[in-house]
Amino acid sequence: MDSNTWYLKKHDDGVVHGPATIDQLRDWSLTAKVSPLDRVSNDEKKTWRRAPLIPELHMDWLVEVNTDYLYGPTTFGAVQEFIAAGEIDGATVVINCKEGTKARIREMPVFNNSPRRKPTSTQVLLEQEQEEEQAEINRKKILKLERVILELRLALNDAEMRYHKLAERYEAETGNKP
């Protein structure tokens, strides 16, 4: 592939972007606009290759979403976007395929300065609403448990009173303590 004219075909909707230079394509890749499933062509759209196979795009990272699923390969910029969006955190394992390293994000100094987005006011309001709903559920549970405790204390007091009466009666009739 030696042409300077590149095209990007998005996997999700088949839309083709371009023509673009390899530098533009790299910029798209570094800003998380190219997914691991997207395809690229530099022969006037005759053949398409998966984007991660183009070394110039630097799609060298795998993100361990869970023990059974890896996302990628993707770029350093995409990993930073995932961190900023709160989709992954310091406990997430990432693999640098080029260097053959694997570590949690918090253990990798290269990610220390990744941007962290502040939640939007809508997100904050939704979180507050969810917290208030959970607090109300917890209050109801606490009231129910307090009623159960009160009922159990009353039952215990009643049982203790019956025990003492039976113990007195036993002692009166047998002359022995129970």
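Examine the range 8-30 for a residue that is at pLDDT below 90 and touching a Ser or Thr at 6+ places or on another chain (Cβ under 6 Å), and state whether such a residue exists.
yes
Kindly indicate which of T75, T47, T67 is surrounded by 18 or more Cβ atoms within 10 Å (Cβ to Cβ) and of a type in the set (S, T, N, Q).
T75
Give just the number: which of (1) assigned to a helix (DSSP H, G or I); (2) out of contact with any Gly (no Cβ under 7 Å at 6 or more places or on another chain) does R106 not satisfy?
Condition not satisfied by R106: (2).
Could you please find all residues in the range 21-43 being without any contact (Cβ under 8 Å) to a residue 40 or more places away in the chain, under 11 Å from W6 (Cα atoms) and either in a helix (DSSP H, G or I) or not aliphatic (A, V, I, L, M) (or both)?
Looking only at the range 21-43, we keep the residues that are without any contact (Cβ under 8 Å) to a residue 40 or more places away in the chain, and these are 21-28, 33, 35-41.
Those left that are additionally under 11 Å from W6 (Cα atoms): 21-26, 39-41.
Answer for the range 21-43, where residues must be without any contact (Cβ under 8 Å) to a residue 40 or more places away in the chain, under 11 Å from W6 (Cα atoms) and either in a helix (DSSP H, G or I) or not aliphatic (A, V, I, L, M) (or both): T21, I22, D23, Q24, L25, R26, R39, S41.
Residue-by-condition table, conditions (1) more than 15 Å from W28 (Cα to Cα); (2) out of contact with any strand residue (DSSP E or B) (no Cβ under 6 Å at 6 or more places or on another chain):
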| residue | (1), (2) |
| --- | --- |
| K45 | yes, no |
| E56 | no, yes |
| E64 | yes, no |
| G72 | yes, no |
| E81 | no, yes |
| A85 | yes, yes |
| G90 | yes, yes |
| R104 | yes, no |
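Check off (1) farther than 30 Å from T21 by Cα; (2) at pLDDT 85 or above; (3) under 18 Å from the mean Cα position of the chain (by Cα) for L70 and give me the number that stays unchecked.
(1)
Which residues, counting only those in the range 18-53, are closer than 16 Å to K98 by Cα and in contact with a Lys or Arg (Cβ under 9 Å, 6 or more places away or on another chain)?
P36, A51
Within the group V110, V63, V148, which residue is at negative phi, among the aliphatic types (A, V, I, L, M) and within 17 Å of the chain's Cα centre (by Cα)?
Values: V110 fails: within 17 Å of the chain's Cα centre (by Cα); V148 fails: within 17 Å of the chain's Cα centre (by Cα).
From the options V110, V63, V148, the qualifying one is V63.
Would you point out which residue out of G72, G100, G90, G86 is of a type in the set (G, A, S) and under 26 Å from Y7 (Cα atoms)? Don't jump to the end; show me each part of the working.
Numbers: G100 fails: under 26 Å from Y7 (Cα atoms); G90 fails: under 26 Å from Y7 (Cα atoms); G86 fails: under 26 Å from Y7 (Cα atoms).
It is G72.
Let me spell it out: the conditions are (1) modelled with pLDDT of 90 or more; (2) under 28 Å from I95 (Cα atoms); (3) not assigned by TED's automatic domain parsing to the domain that holds A78, and E64 meets all of them except one. Which number is the exception?
Condition not satisfied by E64: (3).
Being closer than 27 Å to V65 by Cα, among the hydrophobic types (A, V, I, L, M, F, W, C) and modelled with pLDDT under 95, is that true of even one residue in the range 126-146? Don't jump to the end; show me each part of the working.
Just the residues of the range 126-146 that are closer than 27 Å to V65 by Cα, to begin with: 126-127, 130-131.
Those left that are additionally among the hydrophobic types (A, V, I, L, M, F, W, C): 126.
If we keep only those that are modelled with pLDDT under 95 too, we end up with 126.
Yes, the range 126-146 contains at least one residue that is closer than 27 Å to V65 by Cα, among the hydrophobic types (A, V, I, L, M, F, W, C) and modelled with pLDDT under 95.
The values are calculated or read from the model by the stated rules, or taken from the named source; none is laboratory data. Since the structure is predicted, the reported quantities are computational estimates derived from the model, not experimental observations. Glycine gets a Cβ as well: all are built from the backbone with ideal geometry, and neighbour counts include every protein chain shown.
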